[in-house]
Amino acid sequence: MRWWKQVTSLLSWFGERGAEAAMESPAPSRETYQAAMLLSAAGDALGYRNQRWEYCESGPQILQELCELGGLKQIQAQLPDWPVSDDTVLHLATAEALATGKRQESLWQDLASRYVEAMKDMEGRKPGPTSILGTSQLRPGETSGYRIPFNPKATGCGAAMRSMCIGLRYPRPSDLQDLIQVSVESGRMTHNHPTGYLGAVASALFTAFAVQKKPLALWGCELMAALPLVLEYVQSVGVDTEENVQAWPYFTEKWTWYLTERGLFKGEGPPRFPAKYGPAERDVVYKSFSLDSWAGRSGHDAPMIAYDALLATGGCWEKLCNHAMFHAGDSDSTGVIAGACWGAMYGFLGVPEGNYNCLEYKSRIEDAADKLYTLAWGTD
């Protein structure tokens, strides 16, 4: 493909920052994949709290309620009080399609079919209106039945929240072509707008970076470096090209602004945070990231908040939850992304077992993680 010719120069750019070492690094442990998938679901369940915390408009209130429950270590994330939301149900649909080993058209059709089927499991999970509309327009089994019309309002986080497993399936820098294709094609099955499906690219790419153990300070600028390749791919496919090009700039502009705010536009670091960055201050800052004043609701800011939380909290699960899962806004969608990346970096280190060992769909999540690991790394 013409668009893929640019990857040579991009990989060279990555190489200057340690990508060669990442390509030569040994396979991660199988437990890393288990942690990425399970802690993603844990981040979802914790941020959702059976609808109560996803729709709460105050991070300090959430943390006060958490304290009244005995703190994070006392949380047993299991039914009926801690179900997973639509985020994990749709993330599982993506993971289980990828786990079949299918590619290209066969994979697109399978993904579309699984997304349609997953929407039958939404009682009490509060799926977003764009995901509902998008899946209603899919026609799996028909020629190009995985494509839906361009939607100028499809800027939400529904594609971002279900795409971390794409980074597990395609974790190496040399897998970038596949990661971009799958992220775009799966993302626009419901969110056919750049702000929506570029969120899928960001979530997948960040998870791949986590597997590679790439320094966090580089993630944002390397996402920016990949965006021209994504646009070239979208143009090469030739579907809704004019609409995509017109709507393209917002995602890039907002991420440029964010990385500049954090002092990370060129990847040097360390990240620069406000002098006071407690729960109330984070609510205000996260809202400034947003498109519609609801933090984490859009394709650009759900991975942005997850990334911000990872930068701010290091290897502490409790701190990560305070930043990524317990805030005003779409806290399950930011939590599902942050949890996956954190698990890929740190495994289960310091995570209370009750947060993940009785999760809804735990066996399916573990099975999908195991199959993705085998496909990605070729080990039994």
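The values are calculated or read from the model by the stated rules, or taken from the named source; none is laboratory data. Source: prediction; values computed, not measured. No Cβ is skipped: glycine too gets one built from the backbone with ideal geometry, and neighbour counts run over all protein chains shown.
Go through the stretch 351-369 residue by residue and tally those that are buried (at least 24 other Cβ atoms within 10 Å of the Cβ) and over 21 Å from the mean Cα position of the chain (by Cα). Selection size over the stretch 351-369: 0. Per the conditions (1) in a helix (DSSP H, G or I); (2) over 16 Å from the mean Cα position of the chain (by Cα); (3) at pLDDT 95 or above, the sole criterion not satisfied by G70 is (1). For S203, state whether it is out of contact with any Gly (no Cβ under 6 Å at 6 or more places or on another chain) and surrounded by 18 or more Cβ atoms within 10 Å (Cβ to Cβ). Against the criterion (out of contact with any Gly (no Cβ under 6 Å at 6 or more places or on another chain) and surrounded by 18 or more Cβ atoms within 10 Å (Cβ to Cβ)), S203 qualifies.
Can we say F348 is assigned to a loop (DSSP other than H, G, I, E, B) and surrounded by 24 or more Cβ atoms within 10 Å (Cβ to Cβ)? Here the answer is no, as F348 does not meet what is asked. Residue pairs, Cβ under 8 Å, 6 or more apart or interchain, first in the stretch 234-256 and part of a loop (DSSP other than H, G, I, E, B), second at pLDDT 95 or above and of a type outside the set (A, V, I, L, M). List them. Final answer for the pair search is V239/R147; D240/P149; D240/F150; D240/N192; W248/P194. Of all residues being touching a residue at least 40 places away in the same chain (Cβ under 8 Å) and of a type in the set (S, T, Y) in the stretch 257-292, which is surrounded by the fewest Cβ atoms within 10 Å (Cβ to Cβ)? Just the residue, please. So the residue we want is Y258.
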